[in-house]
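Scroll down for the structure; my scribbles are underneath it.
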Amino acid sequence: MTLEELIAGFREVATASVADAVDKIAGRRGFMDECIKPRINDRKIVGPAVTILEAPSDEFLPPQHALDAIDESEAGSVICISIGEETDVAVWGGLMTAGAVANKHEGAILDGGVRDITEIRRDYDFPVYARSASPGTTLGRFKTLASNVPVQIGGVIVHPGDIIVADIDGVVVVPHAHAEDVLAMSQDIDMRELEQAKLIIQAGSLREGLAKYGRI
């Protein structure tokens, strides 16, 4: 299955179903901490992860790895920035959003803050999922160390090329090696839950639906 087919498939399934499927197939949690939430809009995003690692520094350096990744990554990428759960500085703002929009990226997932929210909403409506909102800069506080390396965001390890599925329910990381199996199981879960919901309504009984399908 091509990447384009996987992305199209994941757009059509519930994010909760994807989280359940990752639990079962990968044998570990794939959903991020609930504080990694949409800060701009509720648009669903699906795309391959491009990862950036940041660390504390008193140097006044631009976030070069992130800037390069925005310009150099394939269209449709999800830019994922790890900064050790730092909430008091912003790793993303209006200018980085402009670059992401210019390069047709899918969204951004941040283990830190976002700023320029009014500008991003007004001018770009670009999906950003972040741990916090903060007006503070990383300059003199943090610097980028590397791109396209494994990082931790929201309690989950993200590898370059993993598929990010995110909406108002939260953010799920689908390991690239399991993507086809996770998609197939997610589609099956969606189908069974639709049938189960119909049975519950028709029978007037939640217990009857649970007894037949065994899902809650």
Got a number for residues in the range 18-46 being farther than 22 Å from VAL128 by Cα and touching an Asp or Glu at 6+ places or on another chain (Cβ under 6 Å)?
1
Are there any pairs, at least 6 apart or on different chains, whose C-beta atoms fall under 9 Å, with the first in the range 41-53 and open to solvent by 10 Å² or more (accessible area, probe 1.4 Å) and among the acidic types (Asp, Glu) and the second outside any strand (DSSP E or B) and at pLDDT 95 or above, and if so, which?
ASP42/PRO127; ASP42/ILE168
Which ones in the range 132-159 are under 24 Å from HIS176 (Cβ atoms), outside any loop (DSSP other than H, G, I, E, B) and either of a type outside the set (Ser, Thr, Tyr) or open to solvent by 50 Å² or more (accessible area, probe 1.4 Å) (or both)?
LEU145, ALA146, VAL151, GLN152, ILE153, VAL156, ILE157, VAL158
Does ASP125 satisfy being under 23 Å from THR15 (Cβ atoms) and either out of contact with any helix residue (DSSP H, G or I) (no Cβ under 8 Å at 6 or more places or on another chain) or in a strand (DSSP E or B) (or both)?
yes
For the range 1-26, the count of residues that are at pLDDT 95 or above and open to solvent by 60 Å² or more (accessible area, probe 1.4 Å) equals 8
Of the residues that make up the range 82-103, is at least one under 24 Å from VAL13 (Cβ atoms), open to solvent by 10 Å² or more (accessible area, probe 1.4 Å), touching a Gly at 6+ places or on another chain (Cβ under 8 Å) and not in a helix (DSSP H, G or I)?
no
Yes or no: the range 111-118 includes at least one residue that is assigned to a loop (DSSP other than H, G, I, E, B), under 20 Å from ILE153 (Cα atoms) and either touching a residue at least 60 places away in the same chain (Cβ under 8 Å) or charged (D, E, K, R) (or both).
yes
Limited to the range 22-61, what total is found for residues that are closer than 23 Å to GLN152 by Cβ and in contact with a Leu (Cβ under 8 Å, 6 or more places away or on another chain)?
6
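The values are calculated or read from the model by the stated rules, or taken from the named source; none is laboratory data. All of these numbers come straight from a predicted model, not from anything done at the bench. Positions of Cβ are backbone-derived with ideal geometry, glycine not excepted, and every protein chain shown enters the neighbour counts. Accessible surface is based on the protein model in full, side chains and every heavy atom, while ligands, DNA and RNA are left aside. Shrake-Rupley method; radii C 1.70, N 1.55, O 1.52, S 1.80 Å.
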